[in-house]
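Take a look at the structure set out below.
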Amino acid sequence: MRRLYVGRAAIGSHGAGGLLAVTSTPSFDPNLVSGYFDPREKERLDSMVELRPWRFRAIQDQFAPGSTFKVVTMLAALRKTATSEHERVNCGGAFTLGTTRFRCWRDTGHGGLIGVEAIMKSCDVYFYTMGNRIGLDAIASVGFDLGFGKKTGIPIDGESDGIMPTEAWYNQNLPEGYTRGAAVNASTGQGAVTVTPIQLAVAYTALANGGTVYEPEVALRIEAFDGSAVRQFQPRPRRTIEFPPGHLELVREGLRRVVNDPS
């Protein structure tokens, strides 16, 4: 007899890439739908069919990442030397591209901001400016490095790829093709960009650990009945991103300030 421990792989010396917890709601109790389907559980699930309780949203559903994606644009702009940690970009409440006006979430604007402040205050105009400067492919390059646009490799069936669009993607999928506005939209995690929650967790793990992208693991070990380890699951690194000195530190400092700075 063997026991499989799931959901605790982040605990212990081999925790890299391990998932501490994963959830999706509304959901169901597997004990009530496996084999004999409890009629009360069936009735409950049928009553909420529009909420798709059978979907495992953490790996199957794709969402616009919004401001959580701005770190990708920041790293892309730094990689392309389109900005520096000292450049101050003015936010007056909106960014204009041609006849289109992209508004910041703060109507009155943020004034002049350097990169770390733009992350802290989540200034849209700062990132619109960067997206317009570097274009979509530069943003996508960092996105792909961090694992967006492809399955993470989590050992659970049904994982979605998400969408990390490129200029070629727009040319192939939209009648109007690629325009600079697509890069401006993507810079703040909008437009065609979609991610799964597990992809976002993998990407932020890489930012936190210094650049190593891991495949998520749901098990720490398989044990025999006497408690001895039959199999120990090791970390599964996919790649290590080499960030130039200072780039990752800038992003991490901005993220730290999001939840710690009094302003």
* Structure fact -> Checked against (1) touching a helix residue (DSSP H, G or I) at 6+ places or on another chain (Cβ under 6 Å); (2) outside any helix (DSSP H, G or I), Gly227 satisfies every condition except (1)
* Asked: From the residues in the stretch 37-78 that are open to solvent by less than 50 Å² (accessible area, probe 1.4 Å) and not in a helix (DSSP H, G or I), which one is nearest to Ser122 (Cα to Cα)?
  -> Pro65
* Applying the selection to the stretch 155-200, what residues are of a type in the set (Val, Ile, Thr) and modelled with pLDDT of 95 or more? -> Ile163, Thr166, Thr179, Val184, Thr188, Val193, Thr194, Val195, Thr196, Ile198
* To do: For the stretch 132-159, enumerate the residues that are surrounded by fewer than 20 Cβ atoms within 10 Å (Cβ to Cβ), assigned to a loop (DSSP other than H, G, I, E, B) and within 13 Å of the chain's Cα centre (by Cα).
  => Gly149, Lys150, Lys151
* To do: Kindly indicate the residue of the stretch 237-248 that is within 13 Å of Ala206 (Cβ to Cβ) and assigned to a loop (DSSP other than H, G, I, E, B) and also least open to solvent (accessible area, probe 1.4 Å) among those meeting that condition.
  => Ile241
* Asked: Of Thr108, Thr96, Thr81, which residue is surrounded by fewer than 16 Cβ atoms within 10 Å (Cβ to Cβ) and assigned to a strand (DSSP E or B)?
  -> Thr96
* Structure fact -> Checked against (1) in a helix (DSSP H, G or I); (2) crowded, with 16+ Cβ neighbours inside 10 Å; (3) in contact with a helix residue (DSSP H, G or I) (Cβ under 9 Å, 6 or more places away or on another chain), Tyr204 satisfies every condition except (2)
* Asked: Being assigned to a loop (DSSP other than H, G, I, E, B), at pLDDT 85 or above and among the acidic types (Asp, Glu), is that true of even one residue in the stretch 15-36?
  -> no
* **Residue among Val259, Val251, Val184 that alone is assigned to a helix (DSSP H, G or I), open to solvent by 40 Å² or more (accessible area, probe 1.4 Å) and not basic (Lys, Arg)** => Val259
* Pairs where the first residue, in the stretch 35-53, is under 20 Å from Thr23 (Cα atoms) and the second is open to solvent by less than 100 Å² (accessible area, probe 1.4 Å) and part of a helix (DSSP H, G or I), C-beta under 9 Å, 6+ apart -> Glu41/Leu32; Glu41/Val33; Leu45/Val33; Pro53/Arg44; Pro53/Leu45
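The values are calculated or read from the model by the stated rules, or taken from the named source; none is laboratory data. Since this is a predicted model, take the numbers as computed values, not measurements. So basically every Cβ, Gly included, is an ideal-geometry build from the backbone, and we count neighbours across all protein chains shown. Accessible surface is based on the protein model in full, side chains and every heavy atom, while ligands, DNA and RNA are left aside. Shrake-Rupley method; radii C 1.70, N 1.55, O 1.52, S 1.80 Å.
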